[in-house]
1. Let me check against my output: what whole-number percent is the relative contact order of segment 505-661, with C-alpha pairs under 8 Å and at least 6 apart?
2. Could you state the number of Å between the C-alpha centres of segment 114-155 and segment 491-506?
3. Under 28 Å Cα to Cα from residue 49, which lysines show up? Leave out anything in the same chain fewer than 8 places away.
4. Taking a threshold of 20 Å on the Cα-Cα distance, which of the pairs 446/480; 141/214; 480/567; 434/567 fall above it?
5. Which helices of the chain meet both criteria: a Cα extent of 18 Å or more along the helical axis and a mean Kyte-Doolittle score no lower than -0.5, with helices taken as whole DSSP H segments?
6. Starting with the fewest neighbours, write out 93, 544 ranked by other beta-carbon atoms found within 10 Å of each beta-carbon.
7. Using only alpha carbon pairs under 8 Å that are at least six residues apart, calculate the relative contact order of the chain and give it in whole percent.
8. Helix-only estimate, please: 222 nm mean residue ellipticity of the chain, summing -39500 (n - 2.57) across DSSP H runs of length 4 or more and dividing by its residues, to the nearest 500.
Amino acid sequence: MGSGHSARFSLVAMLAVLLSAGGIAYMASVSYPDELGIVDARRRQHQEKAEEIGERVQAAIVEEVRSVSEVGPSDGAHFIIDAQGKVLVPSIEPLRGREETILEGLLPLRGFQARQRNLERARALEARACPGKTCTSESPKLRQAATLYEGIEKFSDTGAEALLGLARLHRMAGQNDLAASRYRELIGRFGERVSDAGLPYALLAEIGLSEVGKTAGPTLKLLRSILGAQYNAPNALLEVAAQEAFRTLARFPESGDQEEALRRDMQGLQETAALAMRLTSRGAELAADATFAAKAVVAPWQQESMLVYQRGADDRIYGLVLTEAQIREHATVEARGVGLHSSLHVSVENLQRPEAVEKVDRNTRRAQVSLGPLWPHLALVLWQEGQGSDGMGDIAEARRRHRAITGGLIAVLVLGLLATIRGAARERELARLKSDFVSTVSHELKTPLTSIRMFAEMLQQGVAGDDRARESHYQGIIVKESERLGLLIANLLDYSQIERGSRTYKQEKQRVGDIAREAAQTFARFREGEGQELTQTIDENAAERFVQADRNVLVQCVLNLLSNAAKYGEDGPIELRVQRDADAGVVALSVRDHGPGISSSEQEKIFREFYRAPAAVKSAIEGTGLGLALVKRHVEAQGGEVRVHSVLGEGATFTIELPEVG
Ligand code: ADP
């Protein structure tokens, strides 16, 4: 990496650090806490509202239980149990009248027995009046029976039965109007009485009326009286009568709505009876458990219902049955009471049966609180309809965005810091390499200079005498050392020119084979036939190929590679080879040695300025660490590439590739 490049890089890294740190500081100090504050305040507000609603729901229900003890039950869901556990309300027989019918006028009057006999005779005649054929009012037995009934109809002891008998006779003769008037008279005179069979005459008369009526009116009236528990008759009978009446009503299409309403009442009463039955088996337990403070349990017969109960001042237990749906309704009502934002809604979730409730979507949930100590398994959930209508959605969105931005900034900061640290380490390394370089270069300069001076002095002092061979040997050493010095100085100059950016190249068309030959000759001259053997192979198809290059520079590059091969290649031969790759359109100059090779981790580093592999430094092989860096710069400047291929222990091959020109 060039120093200009690395300076730009560290500047960018530093800017990244500064900007991201500034951004994080801004997010942290200004923007984020602001919104956090709003979000938290809003959340607290929601939580408080939810708690308030929960408390109000509980208070409302407890109040309702208390009002049962004060004003009495208002509908079927309330119950009252006495201190011994007996269920007082609701009634197991809700169809039975609450008041005992007063049985009056049963003291036998004078002539009672005679009238009783007539009554029996009339009934016997009535039974045989029209066997198997249609009756008319003229049928003799029917007439006789009617006369007998009429005779005893005025008396209060037999009157009711006589009227019933007369009504029956009229119906047999098809005189429904007359029958109806008898029934009405029966209601008017004996409505309060109960027959020997324990049946209220009013009920019997109403049933009769409903049967002979031409409209739905009497039947509806009968049903209402049964459902209104006006008769103190056995439940089973009342139910049969009611079912019968419902069947009769089917004849009158106009009764539809009313019939439906009565049917619902009937069903309600039956549910009340069912509740009473269920409570009966729990009564003692509830009575023992109740306190003056309200308590609640899940209804043992139905998971989504609760019994809420409390001991009243009179020691009775007052309570009500609530379904979860009703509790939810209470919550909705109370939510209106606390002035909840119009976009907020409440829902009640059962924590023990999460599958049973429609779960509120996580994104719309705003708060969740326990519905109160009475119902620890029920939670009140506040949720919002439509994203962001009270700003919470926007804020949540902004919060997510802020988190993402801050996360991104932190990542940039970390990367920037890493890059800065790396840059600083690299700078330090460069400084160290440069200082090493100065001492190596001084040493490198000094060595050839010393031998040049030494041999020049020897020549001057005539040490060689007349020995021409010796003299020429000394001169050769001086030339060799000067060439070495020249290559070193050329490298140094090149480096400083490249660093300053003032290096220029004189590019001309060059025959690759010539370059290889020149480099090999110069190299041989340096060594005066010493050192490893150098073999030169110039492929036939490559010898006459041309490249565009600065001849001196390219020769110097190959010389650098050859000089490295000699320095590091131990005793093995050095091979210089010229090849052509027609497909890629390149010519390659490669130098191969048989030295220790270069590990793959080192292969990239050796092209850096001043870098010397630790092995090279250790083995005291002279060098500046500039050779390969310069080869790379030079070759790349001429549009080529330098590559190294090496396997440890098997030597190294450096290749310069240049594009071929025509
Ligand atoms: P130097 O002046 O140290 O030779 P270079 O830039 O020419 O500088 O080489 C850099 C480093 O690469 C050398 O110090 C040496 O460790 C390694 N190197 C270069 N050529 C070879 C080679 N042929 N075999 C093994 N190592 C080599």
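Values quoted throughout were computed directly from the atomic coordinates according to the rules given, and no laboratory measurement underlies them. In this text, all values refer to a predicted model and were calculated from it rather than measured experimentally. Quick reminder, even Gly has a Cβ in these numbers, built from the backbone with ideal geometry, and neighbours come from all protein chains shown.
1. 26 percent
2. If you average the Cα positions of each part, the centres end up 148 Å apart.
3. 295, 359
4. Distance filter (> 20 Å) returns 141/214; 434/567.
5. Helices meeting the span and hydropathy rule in the chain are 3-26, 140-152, 159-172, 235-249, 392-460, 468-500, 512-527, 551-568.
6. Placing the least packed residue first, the sequence is 544, 93.
7. Value for the chain: 12 percent.
8. Numbers: 19 runs with 369 residues, N = 662.
About -19000 deg cm²/dmol.
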